[in-house]
Amino acid sequence: MSVKDRMSGNEAVAYAIRQIDPDVMPAFPITPSTEIPQMVSNYIANGMMNTEFIPVESEHSSMSATIGAEAAGARSLTATSSCGLALMWEELLVAASNRMPCVLALVNRTLSGPININCDHSDSMGARDTGWIQIYAENNQEAYDNMIQAFPIAEDKRVHLPVMICQDGFITSHAVQNIELNEDSEVKEFVGEYEPEEFLLNKGNPVAFGPYAVSNYSMEAKKAQEKAMEDSKEVIISTARKYKERFGRGFELFEEYRTNDADYIMIIMGSAAGTAKQAVDDLRKKGIKAGVLKLRVFRPFPSEEIANALKNCKCVAVMDRTESYNGNGGPLSSEVRAALFEYKIYPEVVCYTYGLSGRDFTVENVYEIFDELSGVSEGNIDIKQHRYINLRTKEEA
């Protein structure tokens, strides 16, 4: 039975962590994720959970301690944002390569410089190739639901990889929304107990984690890690289906919103998907066949599934909330175009960069983008294939 409440995204994630009650949570504060460890430490102090909270001296240390606890056999997680994620960069790769099924609550915030505390995806997209599964939320409800699914995905024997649960800084992390919460007992049952097969404190079966790998073995380890990432796709889907059957909410790899007969589709991640959906509803009333593909899972990247979802549309807008500095668009644009090429599906594609450092993204912007897509597909206009939205300049973006 669900319980209706009102919570910010940070509150929702902290509440889910309380319900999961992991063994260890090391953390260091950084805006806008600070509230998550703050709330968890309050739960612990009030006797509402049994987690061992470890205050550390930096984000690098928080991930190091998370890895150490996980290696010892403890279910572990931490939280961070932006420069905190950058500081733990080395340890992100260590966690993934050592196949640690830990979890990171990431509240997306732009990476410096210039210094800015608002939302974009430069932090998580910068870490896209560190070997972590990445799952994104549109709203507070999804941030809560995704967090509860994280450990069952990470700890599955076919996976054993760390999971990054992402939500947009301030837009969801601090905004209060209506939310449905699950009963504590149901969450505990869904997540289950962590029973690692191999861990450092198992004195009957001594093991080592993170040893030096010579060339004869290292490449095979990387391939095994890549296979686990591919296998995680099936686990993510099955976990999402079980969650929806149990609690009535959620999506799998992505959500298709009014795409069945769409001529024009926008691919987008995070909170801006809500803006895009509203604009699509408005455009549909005018007879324009627009749709939204909201990507939930960026790693593993669902190439074949996305290509199949786009095979009947005329034109696609790919929306990146970060910049790759390659002159051709951001990471999502590169991945989508590669997927379409791989599966020989060739709609017109226009790549857009939007919302950097918290820049507003409005329904009017979405109207303009779909109008451009219509013009491109009909051959009426010729525009750059990589464009910026809402730049403060009259020059062409």
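The values are calculated or read from the model by the stated rules, or taken from the named source; none is laboratory data. Quantities reported herein were computed from a predicted structural model and do not represent experimental measurements. A quick note on method: Cβ atoms are made from the backbone with ideal geometry, for glycine too, and the neighbour counts reach across all protein chains shown.
Return a yes/no flag: does the range 374-385 have any residue that is surrounded by 13 or more Cβ atoms within 10 Å (Cβ to Cβ), under 22 Å from the mean Cα position of the chain (by Cα) and not hydrophobic (A, V, I, L, M, F, W, C). Among the residues of the range 374-385, not one is surrounded by 13 or more Cβ atoms within 10 Å (Cβ to Cβ), under 22 Å from the mean Cα position of the chain (by Cα) and not hydrophobic (A, V, I, L, M, F, W, C), which makes the answer no. For the range 146-156, indicate whether the set of residues that are under 17 Å from E226 (Cβ atoms), assigned by TED's automatic domain parsing to the domain that holds I36 and part of a loop (DSSP other than H, G, I, E, B) is non-empty. Yes, that holds for at least one residue.
Pairs linking a residue in the range 106-117 that is more than 9 Å from C83 (Cβ to Cβ) to a residue that is of a type in the set (D, E), with Cβ atoms under 8 Å and 6 or more positions apart or on different chains, are L106/D123; V107/D168; N108/D120; N108/D123; N108/D168; T110/D120; T110/D123.
A search for C-beta distances below 6 Å between a residue of the range 344-361 that is more than 21 Å from S303 (Cα to Cα) and any residue that is crowded, with 18+ Cβ neighbours inside 10 Å and among the basic types (K, R), counting only pairs 6+ apart in sequence or on different chains, returns G355/R321. Selection of first residues in the range 173-188 that are over 19 Å from T34 (Cα atoms) and of second residues that are in a strand (DSSP E or B) and among the acidic types (D, E), restricted to Cβ pairs under 8 Å at least 6 apart or on distinct chains, gives the following pairs, ordered by first then second residue: N178/D5; I179/D5; E180/D5; L181/D5. Do we find a residue being closer than 12 Å to G9 by Cα and more than 12 Å from the chain's Cα centre (by Cα) anywhere in the range 156-164? No, that holds for no residue. Being among the aromatic types (F, W, Y) and in the same structural domain as F370 (by TED's automatic domain parsing) is true of Y264. Residue count for the range 222-257 satisfying the condition of being crowded, with 17+ Cβ neighbours inside 10 Å and among the basic types (K, R): 1. Take the conditions in a loop (DSSP other than H, G, I, E, B), outside the structural domain of N365 (by TED's automatic domain parsing), farther than 22 Å from N182 by Cα and not charged (D, E, K, R) and apply them to Y212. Does it pass? Yes; evaluated as a whole, the condition is true for this residue. Would the range 252-270 turn up any residue that is in a helix (DSSP H, G or I), without any contact (Cβ under 8 Å) to a residue 60 or more places away in the chain and not small (G, A, S)? Looking for residues that are in a helix (DSSP H, G or I), without any contact (Cβ under 8 Å) to a residue 60 or more places away in the chain and not small (G, A, S), one finds none in the range 252-270, hence no. Of all residues in the range 289-322, those satisfying the criterion of being in contact (Cβ under 8 Å) with a residue 60 or more places away in the chain and either surrounded by fewer than 18 Cβ atoms within 10 Å (Cβ to Cβ) or within 21 Å of T239 (Cβ to Cβ) (or both) are K294, L295, R296, V297, F298, R299, P300, P302, K314. A single entry from Q141, Q134 fulfils the requirement of being outside any loop (DSSP other than H, G, I, E, B), modelled with pLDDT of 95 or more and under 30 Å from V207 (Cβ atoms): Q134.
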